[in-house]
Amino acid sequence: CRDVSRPSDSELYQLFDRSPIGMYRSTEDGRFLYVNPSLAKLLGYSIDELLALNVVSDIYVDPSERARLVAKFGPLGMVDGATVKWKHRDGRVLTIRLFGHVVETAEGPAFDASVMDFSGVEATHNELRRQREEIERTATTLDLVVRQVSAIWWLVDHDLRILRTGGAIMEILGYAPETYLGTTLY
């Protein structure tokens, strides 16, 4: 009698094939043994084309990056969210988060992995960093200008809480600029 709480191999493959997350199994030397449709789509290949490639030499932007991953995570037998750079078929560089485990198969050790594209997250993070730097430059410039005309300025959030102050606060009000941080302009 089959334990119905444990899926069969064919049921597991259906689960992997339907997953929106890229998944694969590869040999120690990087030959793909299995890829799901989401991974093929993510990288811009058909499943058959991807199965003919080697993850180390054909997918990693820098093949030595995989060697560093193996050295770091090999003793653990797993990778838990490592960020790597992979190549899309069209040449774009993708920022990938990699999760996986070493598994023993009849043919020897293999690596089962789940792959998530973090390129958009990285681009958003970089844009936010750029905006923050621009705001800092603007605030510094504004502070220099305002100090020259003996004025005060506040940077507030949507609730009118003071996030930053500048200008000649000490000279005009006699208080350190930090005194007003977090207070509300009402």
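The values are calculated or read from the model by the stated rules, or taken from the named source; none is laboratory data. These numbers were taken from a predicted model, which means no experiment stands behind them. Counting neighbours? That spans all protein chains shown, and the Cβs are built from the backbone with ideal geometry, glycine included. These area figures cover heavy atoms from the full protein model, side chains too; ligands, DNA and RNA do not enter into them. Shrake-Rupley method; radii C 1.70, N 1.55, O 1.52, S 1.80 Å.
Of note:
- Near Ser46, no amide H atom lies under 5 Å from its own; only residues 5 or more places off or on other chains count, and H is placed 1.01 Å from N.
- Net charge dipole size for the chain [Lys, Arg +1 and Asp, Glu -1 on Cβ; Debye, nearest 20]: 280 debye
- Largest GNM mean-square fluctuation among Asn54, Asn36, Asn126, using the chain with Cα springs under 10 Å: Asn126.
- Proportion of all alpha-carbon pairs of the stretch 80-139 beyond 19 Å (%): 53 percent
- Cβ-based net charge around Val103, under 14 Å, with every Lys or Arg adding one and every Asp or Glu removing one: -4
- Protection proxy ranking, peptides 44-51, 72-79, average beta carbon neighbours within 10 Å, highest first: 44-51, 72-79
- Carbon + sulfur, % of accessible area of the stretch 64-186 - ligands and nucleic acids excluded, 1.4 Å: 59 percent
- For trypsin sites (Lys or Arg not before Pro), the sites in the stretch 80-159 that DSSP calls loop and that have at most 11 other Cβ atoms within 10 Å are Arg92.
- Overall Cα dimensions of the chain, principal axis frame, Å, largest first: 82, 41, 32
- Largest first and in whole Å, the equivalent-ellipsoid semi-axes of the stretch 54-103 read 20, 11, 9, each the square root of five times a Cα gyration tensor eigenvalue.
- Selection among Ala82, Ile169, Leu69 by position relative to the dipole of the chain gives Ile169 as farthest towards the positive end (Cβ unit charges, Cα centre).
- When you filter the GluC sites (Glu not before Pro) in the stretch 58-153 for DSSP loop state and at most 15 other Cβ atoms inside 10 Å of their Cβ, you are left with Glu107.
- Relative contact order %, the chain, counting alpha carbon pairs below 8 Å whose residues are six or more apart: 13 percent
- Just so you know, the averaged projected area of the alpha carbon convex hull for the stretch 1-94 sits at 7.4 nm².
- One Cα centroid belongs to the stretch 121-186, the other to the stretch 31-53; the line between them spans 50 Å.
- Cut-off 11 Å (backbone N to label point 7 Å along Cα→Cβ of Ser19), residues of the stretch 105-135: 112-116
- Each Lys or Arg adds one and each Asp or Glu subtracts one; over the other residues with Cβ under 13 Å from the Cβ of Ala168, this totals -1.
- Every Cα-Cα pair of the stretch 123-186 was included, and the share exceeding 19 Å stands at 40 percent.
- Positive-pole candidate from Gln148, Phe16, Leu181, dipole of the chain, charges at beta carbon: Gln148
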